Amino acid sequence: MRIISSVEEGRRTILSRAPLEVEQIPLGVRETTFRTFGKELTPEEAVSRVIRDVREDGDNAIRYYNSAFDNSQPEELIVSLEEMQAARESVHAEVVEALQYAAKRITEFHEQQLRSIGLNFQVNGLGQMTRPLQRVGIYVPGTAAPLPSTALMCAIPARIAGVEEVYIASPTLEDGSISPIKLVAAEIAGVDAIFKVGGAQAIAALAYGTESIPKVDKIYGPGGLFVTIAKQAVYGDVGVDAIYGPTETVIIADESGDPDLIAADLLAQAEHDRLASPILLTPSRNLAEKVRAAVKIQLLDLERAKIAEEAFENRGGCILVNDIEQAIELANEYAPEHLCLVVENPTAWVTKVKNAGGVFLGETSPEAVGDYTAGPSHTMPTGGSAKWSSPLGVGDFLKTISVVNIPPAEAEELARMASIIARAEGLTAHAASVERRIQGR
């Protein structure tokens, strides 16, 4: 883990945000793209082709791209009742219990969130109605790491909001199956159906519908580069929740922090992705050195050590700051997905936080617990978007409808003022519409 002594250098390096360039795409992905399309295509060009083909050829295109990209050829695109039963029987009871425990926590949090949202009101004839979306699609990535937690974290808020139909799309293993633990999590979350399709073809299928997959109103969930580009491409034809990038964690720590725990928390994020950002901000060089040593030792025991090492090399490390005040300032500039305050009296410092997807206070609140059992959704803004957006929640599955019911006593004055503005804008038909009501009184 590199240690950077200059804050300005830290801004230029670790805290700078660079887009994912084509040369960063793994060679295997580029080779698959060339083999599939017969020529070199940019990710945007490849995704455009996939979306076009799924719109035109539906299930046939999905099967083709499932085979080309994932080497998977499931007989049916929808998970059957028999597969669900087999999944229930194969997942260890202890794991099912843990998933149910997490689901209970997630449900309780989002029920409270729903109660805190101003749903319906009407004052002097003006107000709003709040309605849930009717049909949503959730993309749950992951095969080797199946991410059942993402199924819980995205689908449960949808159910709490009152969405009528909730569907999941997931990439499959080479045998055409979806990990049993993901299926069990989806069932616990109350999903209506699960479809065996991953990547850009999944987003296209949810956006436009096929013979087997219904068109949805809005698409949710994280994914890799091709999923992200596809969500951008279909936005407008369908809603999307957000554009998610690689995971980010900033830990602000002082001398009171335990270097072994801080190292473990950084590694927990680094193992996600070689483009993850595990970042430590501290005024203590002594702590920084101890954390660096602990990271080196703990890497030896990790199954995903190579990925974690690359994450530290690419976008991770430590920046030495003057004090905790400056660390908070840097964190607000960076707007991380996760911000962990491992300092004395963290509740006093949290009031200074302006930009973060989630804030985790003290050593008993590690971000890894937030990923699974704390309660708030772990689907959070990345790439600096915490400056203007929020974690996924019940509100993302609701929409408001304005209600205008003007009392007769106020109608003439409102119409007269509207007429003045309409004529100032040059929209005489608008003016005439309201003036006719004045003239008729």
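What the table below lists for this structure:
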read-out: Longest DSSP-loop-exposure-free segment, GluC sites (Glu not before Pro), the chain, at most 15 other Cβ within 10 Å; value: 345-441
read-out: Computed over the range 246-388, Cα set: Rg, Dmax in Å; value: 13.7, 39
read-out: Cα gyration tensor shape of the range 336-411, rounded if a/c is under 1.5, else prolate or oblate by comparing a/b with b/c; value: prolate
read-out: Longest to shortest principal axis, alpha-carbon extents of the chain, angstrom; value: 84, 57, 47
read-out: DSSP-assigned coil residues among trypsin sites (Lys or Arg not before Pro) in the range 215-263, each with at most 14 further Cβ atoms within 10 Å; value: Lys215
read-out: 10 Å-binned pair-distance histogram of the range 210-279 (Cα, whole percent); value: 17, 33, 22, 18, 8, 2
read-out: Rg(Cα) / (2.2 N^0.38 Å) computed for the range 81-240, rounded to two decimals; value: 1.11
read-out: Under 15 Å from Lys231, Cα to Cα: aspartates and glutamates that are on another chain or at least 8 residues apart; value: Glu44, Glu45, Asp217, Asp241
read-out: Three-way shape label, the range 68-146, alpha-carbon gyration tensor, a/c 1.5; value: prolate
read-out: Global size of the range 147-205 as Cα Rg and Dmax, reported in angstrom; value: 11.3, 35
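Only the coordinates and a few stated rules stand behind these numbers; no lab work does. Remember, predicted model here, so these are calculated numbers, not experimental data. Ideal geometry is used to build each Cβ from the backbone, glycine not excepted, and the neighbour counts take in all protein chains shown.
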